[in-house]
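The structure appears right after this line, and notes come after that.
Laboratory data are not the source of any read-out in this text; all were calculated from the coordinates shown. Just so it is clear, the model here is predicted, and its values are computed rather than measured. Note: ideal-geometry Cβ built from the backbone for every residue, glycine included; neighbour counts use all protein chains shown.
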Amino acid sequence: MIRVLGDVAFVTTVFSISLVLSACQMVPEQTVTNNSAATKNAVFKNNVQQYQCDEQVVIRRQKLDEDTIRLGFAHRIFELTQFSVPDKSQNFYRTEQGLSQGKGLLWIENEQQATLKTMLFDPAIHLEDYPVIYQCQLKS
């Protein structure tokens, strides 16, 4: 009798949680991952530029605020933060999240061109010596 009552209480609790999530219009994580293409398209709606890069790769760039951009490529989305460098003719953005563990991304852009590099966490290596992933041109 106690076991049945416990199962009923558990089912009621699960149903209640589902109802609350539904009312809040929260989507379970599994649904978001299974529909990743739709999610990515929804993310890149406003203020988007496209860059045509090496190997026929297209990188989508979205300015989020004064210091932050979002890049979409390789079926992933990255948010990068601007940082200051002596060369003011280009904008530099970086993130510690990269294509592989232990390496980040560096996005260097000017008016019509951009370079995506692997950011290494070694102070002995200069920015200009970071490995280039893609050279890109702004699509018109």
- [ ] For VAL85 paired with GLN56, estimate the spin-label separation in nm (one decimal), with each label point 7 Å from Cα along the Cα-to-Cβ line.
- [x] 3.0 nm
- [ ] Taking amide H positions as placed in the peptide plane 1.01 Å from N, state which residues far from LYS103 in sequence (5 or more) or on other chains have amide H under 5 Å from it.
- [x] GLY98
TODO: Report the label-to-label distance for THR68 and ASP122 in nanometres (one decimal), using points 7 Å from each Cα along the Cα→Cβ vector.
DONE: 3.1 nm
- [ ] Rounded to whole Hz and in sequence order, give me ³J(HN,Hα) for segment 124-132 from the Karplus expression 6.51 cos²θ - 1.76 cosθ + 1.60, θ = phi - 60°, writing x for Gly and Pro.
- [x] 6, 9, 7, 3, 5, 9, 5, x, 7
Task: Efficiency of FRET from Cβ geometry, ASN46 and PHE92, R₀ 25 Å, rounded to 0.05 - done: 0.60
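Could you work out the percent of alpha carbon pairs in segment 91-140 separated by over 13 Å, rounded to a whole number? Mind dumping the intermediate values first?
On the way: 687 of 1225 pairs.
Counting pairs separated by more than 13 Å, the tail of P(r) holds 56 percent.
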Task: Karplus-derived HN-Hα couplings along segment 62-79 (A = 6.51, B = -1.76, C = 1.60, θ = phi - 60°), whole Hz, x at Gly and Pro - done: 10, 7, 8, 7, 4, 10, 10, 10, 10, 10, x, 6, 6, 6, 9, 10, 10, 10
TODO: Identify the residues of segment 82-115 with backbone N under 20 Å of a label point that sits 7 angstrom from the Cα of ASP129 along the Cα-to-Cβ direction, or state none.
DONE: 85-87, 102-108
Open item on the list: For GLN113, what residues show an amide H to amide H distance below 5 Å, using hydrogens built from the backbone and excluding near sequence neighbours?
Closed with: LEU138
